[in-house]
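For reference, the structure is listed below as structure tokens.
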Amino acid sequence: MRHLTSEEFREALGEFRCAVRAWSEDQAQGVIAIGSAVPQRRFWTASQQLALALVLAAVCILASFVVPRHTGDNAPANDAVLLNQVDVQVSRTAPSSLEPLMKLVVQE
Amino acid sequence: MAFPATSEMERVVPADVAQDFETLVRLYRPKVFRFALASLRDVDAAETVTQDCFLRAYQASGRFRQDCSMQTWLMQIAVNLVRDHCRNRRFQFWKRASLTAAQPADAAGRSIADGARSPEAQALLKERVAAIWEAAGKLPERQRTVFLLRFVEDMDLMEIACATGMKEGTVKTHLFRALRAVRARLGGTA
């Protein structure tokens, strides 16, 4: 194991500079649109999108446990119809099977 | 602190940033992207930082006082954005999985394989490039920033001081420590 001379170190740094520049150009080729004017900010990276999707899924699962089951918008109307039917049944003077006889009695 | 124009680029860029922003982006975007990529080692993050950099430059163009060069001003914004990104990424443990697997040493072959060197010398240089890359990645944030600005972006000490907000003496100290660490890593591979 030997130490580098100053000349070798300088040469390595110079090569490092060239290599980073070439590498950066390679990486930029698919990214940089030549001639684009005012830059447009990209708001979401792929990992941020994944994180957002996971958070939304977790919120939905929690909400399904926390929020009470909804019984339906027409429940009060159904209740009113049922009470009306009960009221009609209770207010009869005779059972439905004896109602024809009741009519005869009134006529006599 | 006033910096003279150091390249043809500096003379091309107009004084009023907002007037010809497209020219500014075309000239300096590769440089900002390269610094962000070398610092973060993540293509997506580097692209985001680059876009943010020019967005902020556009928004703050009215506040550009021309007390430093356009390049230095943009690099100052980029350095701050990279620093913020590094701090935020500490909490994004899954982000490590998306770091790019490619290395500058992969691209080093093209510049090294110029026919003037023997295959052994080419392999050795490629190995040294990989070692410098690895060593740079292990440097503390400030040392890495100073190292990359000096040896990749070819900025002088005053420009680095302006871009990082450090004093020139502090830049020298960080650069010395970074070089010592990198050289120690290289000494082991040579």
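Values quoted throughout were computed directly from the atomic coordinates according to the rules given, and no laboratory measurement underlies them. These numbers come from a predicted model, not from an experiment. Glycine also receives a Cβ, built like all others from the backbone with ideal geometry; neighbour counts cover every protein chain displayed.
Some observations on this one:
- Residue order, fewest to most surrounding Cβ atoms within 10 angstrom, among A:5, B:145: A:5, B:145
- Counted by neighbouring Cβ atoms within 10 Å, the residues B:75, B:166, B:70, B:158 run from fewest to most as B:158, B:166, B:70, B:75.
- Difference of contour (0.36 nm per residue) and Cα-Cα distance, residue A:65 to residue A:104: 7.9 nm
- The mean count of C-beta atoms from other chains within 10 Å of the C-beta of residues in B:162-168, rounded to a whole number, is 0.
- Efficiency of FRET between residue A:51 and residue B:177 - r from beta-carbon atoms, R0 51 angstrom, step 0.05: 0.90
- For segment B:128-190 and segment B:28-45, distance of Cα centres in Å: 16
- When each of B:67, A:26 is scored by the number of other beta-carbon atoms lying within 10 Å, the sequence from fewest to most is B:67, A:26.
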